């Protein structure tokens, strides 16, 4: 199934949705209209029980060259750090299902912003990463900077933000900016193979783990959310199905979906 939005292509196959940034003539630079569309697209996918995993990628061998600077007026961040890019980024970070960024070519600026908001980042050896506000006289959003520091640590965050220079995929892997590195010709196989694995697992377990990990990373209390998930698990069918499948030596058929 294929859906077309301005600047995006959305496909669904085997419980995996793929959202493709689709402006290859602009190296998939994201304009204000596209940033504003992202939360609505994600809301639709979050509510779709047939989608268990989201893959974010770019068309034409490039992930994303960043925010479209020709549309800078529409992209200006508000003083309270709630501009269109941050709203889109936070919607992606809050998406309740697993998200994987599949990265080839340039992943720069707004591209890094979106990739960093995904749960995992798989990249090809051809990928190049950079965050260029120091080349433009811009101030990187506070919430985005916090997420970057959480991924790569203060020193690498400073290196990226101070210089605006590109780093290669091997450097990105060493610093934690990406999670896996694959040859370009096998990247999609690795991403979709892992996505199918996630789609076969208990979505209740994954949703609980995602929320608790995010709370721990933000140094927020986890006691009440943990107890709520524990109660939900006791009344869901996934636990009974998982145990039965283990005893019967068969793959489990988990049925819980977010929102239940």
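Looking across region 179-191 at every residue that is surrounded by fewer than 17 Cβ atoms within 10 Å (Cβ to Cβ) and in contact (Cβ under 8 Å) with a residue 60 or more places away in the chain, the one that is farthest from the chain's Cα centre (by Cα) is identified as 184. For region 30-57, how many residues are more than 14 Å from the chain's Cα centre (by Cα) and either within 17 Å of residue 116 (Cβ to Cβ) or in a strand (DSSP E or B) (or both)? Here the count works out to 2.
All of 174, 232 fail the test of being assigned to a helix (DSSP H, G or I), assigned by TED's automatic domain parsing to the domain that holds residue 149, more than 17 Å from residue 101 (Cα to Cα) and at pLDDT 90 or above, apart from 174. Set side by side, the residues 116, 111 differ, and just one is surrounded by 17 or more Cβ atoms within 10 Å (Cβ to Cβ), modelled with pLDDT of 95 or more and touching a strand residue (DSSP E or B) at 6+ places or on another chain (Cβ under 6 Å), which is 111. Do you know which residues across region 89-108 are surrounded by 21 or more Cβ atoms within 10 Å (Cβ to Cβ) and under 14 Å from residue 147 (Cα atoms)? Residues satisfying the conditions are 89, 92. Within the option set 191, 243, 222, being more than 30 Å from residue 132 (Cα to Cα) and at pLDDT 95 or above holds for one residue only, 222.
The residues listed here are 221, 252; of these, the one that is surrounded by 14 or more Cβ atoms within 10 Å (Cβ to Cβ) and either without any contact (Cβ under 8 Å) to a residue 60 or more places away in the chain or closer than 25 Å to residue 48 by Cβ (or both) is 252. On the given criteria, is residue 194 part of a helix (DSSP H, G or I), assigned by TED's automatic domain parsing to the domain that holds residue 113 and without any contact (Cβ under 8 Å) to a residue 40 or more places away in the chain? No: the conditions fail for residue 194.
For residues that are in contact with a helix residue (DSSP H, G or I) (Cβ under 6 Å, 6 or more places away or on another chain) and assigned to a loop (DSSP other than H, G, I, E, B), scanning just region 197-228, find the one that is farthest from residue 105 (Cα to Cα). Per the stated criteria, the residue is 222. Looking at (1) under 14 Å from residue 66 (Cβ atoms); (2) free of Cβ contacts under 8 Å to residues at least 40 places away in the same chain, which is the only condition residue 128 fails? Residue 128 satisfies all of (1) under 14 Å from residue 66 (Cβ atoms); (2) free of Cβ contacts under 8 Å to residues at least 40 places away in the same chain except (2).
The values are calculated or read from the model by the stated rules, or taken from the named source; none is laboratory data. Note that the coordinates shown come from a computational prediction; the quantities given were computed from them, not determined experimentally. All Cβ positions, glycine included, derive from the backbone under ideal geometry; neighbour counts span all protein chains shown.
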